[in-house]
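Read through the structure below, which is laid out as structure tokens, and then see the notes.
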Amino acid sequence: MEIVILAVVIAVVVIGALGGLVVGSRRRKQLPPPPPAAPDITAPPAEPHVGDEAETPRDEPRRTIEEVDLPDTSATAPVVVAPPVEVPEPTAGRLVRLRARLSRSQNALGQGLLTLLSREHLDDDTWEEIEDTLLTADVGVQPTQELVERLRERVRVLGTRTPAELRGLLREELLTLLVPDFDRTVNTESGLDTPGIVMVVGVNGTGKTTTTGKLARVLVADGKRVLLGAADTFRAAAADQLQTWGERVGARTVRGPEGGDPASIAFDAVKEGIKESADVVLIDTAGRLHTKTGLMDELGKVKRVVEKHAPLDEVLLVLDATTGQNGLVQARVFAEVVDITGIVLTKLDGTAKGGIVIAVQRELGVPVKLIGLGEGADDLAPFEPEAFVDALIGE
């Protein structure tokens, strides 16, 4: 029994000791950490007070508000002065004044023919050379054959061939091919109580917009009041370019947003022209490839929309003279879509070949009415067959 009591006592003591250890451990874990040592804080330097290190104030004269010069607020904004309106060069005899511009093409056609015709013996080889010269100058196959046949007959009948006789003979035959009886007047007179309506068409790169601007100068020089319609909405800055041309001669330009409907702009231009009692409305259309059916159909739409106001008085096709026979292919397609009434040949100066005038008239059956002979503002001239032939063959 004593052994049992002793075991119980020992167990109680052991359990009590273990409990004390557990309680002590928990208390140690719950004790907060000791507070950190307070940092050493350095006091900031004292702020300077007002007046510290300042100079001794000096007596200076002071002005009242009445004595201070204030800006003049009564001055008006600067007035923008419009550029002066130019007075274009008269069109009468302009081609004669520009005659020197044809000197480069003269050697290829006129002088070349005169040299060949002046040979002592005009055999078959010489006539073939004459024919080649005409073809090279873009006269065309059919007109070339007709000219050579007539020249051979007249030279045979003439017998003697002095330089003066040959020049006169060649001049007559070239004039015949140019059809001097054609009416080359740019039709700007409407039979109705509306302005004359002129539409300018052509392929890309022929100089349509520039030609339209120069044509405005031609009409203004002839005393016409002109309004311009910028229906070329596809080429960037085309409307700006046309407006600049118009402003130089005092002609207003009707324009629309870039990429807008060209037929709508053309319609508005004619409407404004009627409202302002203009003499002529010039409509510049977008350049388009003759092989693109959709674009050509759109050109026909422009024509139909404009004619809701009044019929077109003139449709001018602008051709680049340097393209030669390729220009004739373009001309055929345009003539099928819109009724071409006249041709404008640009770039006839420089390396152009004068024979294209004959070929394009023969191809379309319509006259060349204007030719471009340079980059100047007044280098667009009414076509005069006599002056043109004289420039080709020389004095």
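What to note about this one:
- The residues of segment 185-206 that are on the phi > 0 side of the Ramachandran plot and open to solvent by less than 30 Å² (accessible area, probe 1.4 Å) amount to a single one, 202.
- In the condition set (1) over 18 Å from residue 361 (Cα atoms); (2) touching a residue at least 60 places away in the same chain (Cβ under 8 Å); (3) in a loop (DSSP other than H, G, I, E, B), residue 215 is compliant with all but (3).
- Within segment 309-339, the residues that satisfy the criterion of being at pLDDT 90 or above and in a loop (DSSP other than H, G, I, E, B) are 312, 313.
- Within segment 136-151, the set of residues being assigned to a helix (DSSP H, G or I), open to solvent by 10 Å² or more (accessible area, probe 1.4 Å), closer than 24 Å to residue 319 by Cβ and not polar (S, T, N, Q) comprises 141, 146.
- Identity of the residue in segment 346-364, surrounded by 24 or more Cβ atoms within 10 Å (Cβ to Cβ) and over 16 Å from residue 180 (Cα atoms), that ends up modelled with the lowest pLDDT: 352
- Out of 133, 126, one residue alone is surrounded by 13 or more Cβ atoms within 10 Å (Cβ to Cβ), over 23 Å from residue 326 (Cα atoms) and of a type in the set (Ser, Thr, Tyr). It is 126.
- In segment 300-324, residue nearest to residue 212 (Cα to Cα) [restricted to those that are touching a Phe, Trp or Tyr at 6+ places or on another chain (Cβ under 8 Å) and surrounded by 21 or more Cβ atoms within 10 Å (Cβ to Cβ)]: 317
Yes or no, residue by residue, for (1) over 33 Å from the mean Cα position of the chain (by Cα); (2) modelled with pLDDT of 85 or more; (3) crowded, with 19+ Cβ neighbours inside 10 Å:
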| position | (1), (2), (3) |
| --- | --- |
| 89 | no, no, no |
| 96 | no, no, no |
| 153 | yes, yes, no |
| 160 | yes, no, no |
| 168 | yes, yes, no |
| 171 | yes, yes, no |
| 174 | yes, yes, yes |
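- Segment 239-253 - residue that is in contact (Cβ under 8 Å) with a residue 24 or more places away in the chain and farther than 11 Å from residue 213 by Cβ and, of those, surrounded by the most Cβ atoms within 10 Å (Cβ to Cβ): 252
- The residue of segment 184-227 that is farthest from the chain's Cα centre (by Cα), among those that are farther than 14 Å from residue 344 by Cβ and charged (D, E, K, R), is 193.
- For segment 98-117, a residue qualifies if it is modelled with pLDDT of 85 or more and open to solvent by 70 Å² or more (accessible area, probe 1.4 Å), and exactly one does: 115.
- Odd one out for residue 342 among (1) out of contact with any helix residue (DSSP H, G or I) (no Cβ under 7 Å at 6 or more places or on another chain); (2) open to solvent by 10 Å² or more (accessible area, probe 1.4 Å); (3) at pLDDT 85 or above: (2)
- Residue in segment 365-385 that is modelled with the lowest pLDDT, counting only those that are surrounded by fewer than 20 Cβ atoms within 10 Å (Cβ to Cβ) and in contact with a helix residue (DSSP H, G or I) (Cβ under 7 Å, 6 or more places away or on another chain): 374
- Residue that is surrounded by the most Cβ atoms within 10 Å (Cβ to Cβ), among those in segment 325-339 that are touching a residue at least 60 places away in the same chain (Cβ under 8 Å) and within 23 Å of the chain's Cα centre (by Cα): 334
The values are calculated or read from the model by the stated rules, or taken from the named source; none is laboratory data. Only a predicted model underlies this, so the values are computations on that prediction, with no experimental measurement involved. Heads up, the Cβs are rebuilt from the backbone with ideal geometry, glycines too, and the neighbour counts pull from every protein chain shown. Ligands, DNA and RNA are excluded from the accessible area calculation, which covers all protein heavy atoms including side chains. Shrake-Rupley method; radii C 1.70, N 1.55, O 1.52, S 1.80 Å.
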